[in-house]
1. Taking T141 as the residue in question, decide whether it is free of Cβ contacts under 8 Å to residues at least 40 places away in the same chain, in a strand (DSSP E or B) and not aromatic (F, W, Y).
2. Determine which single condition A101 fails, assuming it passes every other condition in (1) within 25 Å of L8 (Cα to Cα); (2) without any contact (Cβ under 8 Å) to a residue 60 or more places away in the chain; (3) among the small types (G, A, S).
3. Criterion first (loosely packed, with under 14 Cβ neighbours inside 10 Å and at positive phi) does N109 satisfy it?
4. For K81, only one of the following conditions fails: (1) modelled with pLDDT of 95 or more; (2) surrounded by 14 or more Cβ atoms within 10 Å (Cβ to Cβ). What is its number?
5. Does the stretch 38-54 contain at least one residue that is touching an Asp or Glu at 6+ places or on another chain (Cβ under 9 Å), surrounded by 21 or more Cβ atoms within 10 Å (Cβ to Cβ) and hydrophobic (A, V, I, L, M, F, W, C)?
6. Report yes if S9 is out of contact with any Cys (no Cβ under 9 Å at 6 or more places or on another chain), surrounded by fewer than 19 Cβ atoms within 10 Å (Cβ to Cβ) and among the hydroxyl-bearing types (S, T, Y), otherwise no.
7. Report every pair of residues separated by at least 6 positions or lying on different chains whose Cβ atoms are under 6 Å apart, first residue within the stretch 148-165 and in a loop (DSSP other than H, G, I, E, B), second hydrophobic (A, V, I, L, M, F, W, C) and surrounded by 15 or more Cβ atoms within 10 Å (Cβ to Cβ).
8. Check whether at least one residue in the stretch 14-27 is of a type in the set (F, W, Y), in contact (Cβ under 8 Å) with a residue 24 or more places away in the chain and more than 26 Å from D150 (Cβ to Cβ), and report yes or no.
Amino acid sequence: MINLGLALSDTPDFSRPRNEILSPPVIDLWNISNDQIPANVDDIDGSHNGKDYVAMTVYLKNMGSKNLHYNLYVDLNEVYKNLDEALRIELFIDGTPTIYAKRKSNWSNEPEPGTTPFSGITRVIALAAQPIDVDQVVKVTFVAWVDGDDPDCTNDLLGGFVKMTMGFDGVVRDQASSQ
């Protein structure tokens with residue numbers, strides 16, 4: 001990311017730009033519903049996990065000399081006891097929220113109500129290239145929880161876990177338009 005000028009920060013002033021930001025895990029979380037996530041979850045910088053959810057707000061800045069496109073992805077690196085069956089991930093991109101989830105497991109292949117389906121098994125979110133100009137900052141808030149309203153949220157998931165990675169990559173805009 002540094003080669004293309006993309007940098008991350010957990011504060012909007014970029015006083016400590018970095019190429020990696022880690023979030024502490026939430027241990028022994030319980031299932032909740034989306035309405036139990038604080039309404040101001042997108043207003044808090046850095047890692048701000050709750051008792052039963054993971055939340056982190058980061059800022060992506062083009063600190064290079066060329067306008068770019070960036071890609072955002074979320075990967076499930078490890079899943080134990082099928083916890084991803086009731087997992088919800090909400091991404092706020094510059095304040096606009098989208099909730100992602102695995103498709104229904106009832107063979108209908110329909111999305112869970114109010115969600116965008118995961119794009120794959122391990123790469124569950126893959127957002128298409130978005131423009132980011134020189135010195136432009138994009139705010140991204142990531143929130144994940146086990147949704148107690150999901151029919152797949154059963155006692156079989158107790159003791160399960162997921163390990164996730166959110167990442168960004170970029171390409172110079174002229175190269176992106178020729179691909």
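1. Against the criterion (free of Cβ contacts under 8 Å to residues at least 40 places away in the same chain, in a strand (DSSP E or B) and not aromatic (F, W, Y)), T141 does not qualify.
2. Every listed condition holds for A101 apart from (1).
3. Here the answer is yes, as N109 does meet what is asked.
4. (2)
5. No, because not a single residue in the stretch 38-54 is touching an Asp or Glu at 6+ places or on another chain (Cβ under 9 Å), surrounded by 21 or more Cβ atoms within 10 Å (Cβ to Cβ) and hydrophobic (A, V, I, L, M, F, W, C).
6. Taking the combined requirement at face value, the residue does not satisfy it.
7. Listed pairs, sorted by first residue: G148/I32; D150/A86; D152/A86; C153/A86; G160/L83.
8. Yes, because at least one residue in the stretch 14-27 is of a type in the set (F, W, Y), in contact (Cβ under 8 Å) with a residue 24 or more places away in the chain and more than 26 Å from D150 (Cβ to Cβ).
The values are calculated or read from the model by the stated rules, or taken from the named source; none is laboratory data. Owing to the predicted nature of the structure, the values given are computational and were not obtained by experimental measurement. Methodologically, a virtual Cβ is constructed for each residue, glycine included, from the backbone with ideal geometry; neighbour enumeration extends over all protein chains shown.
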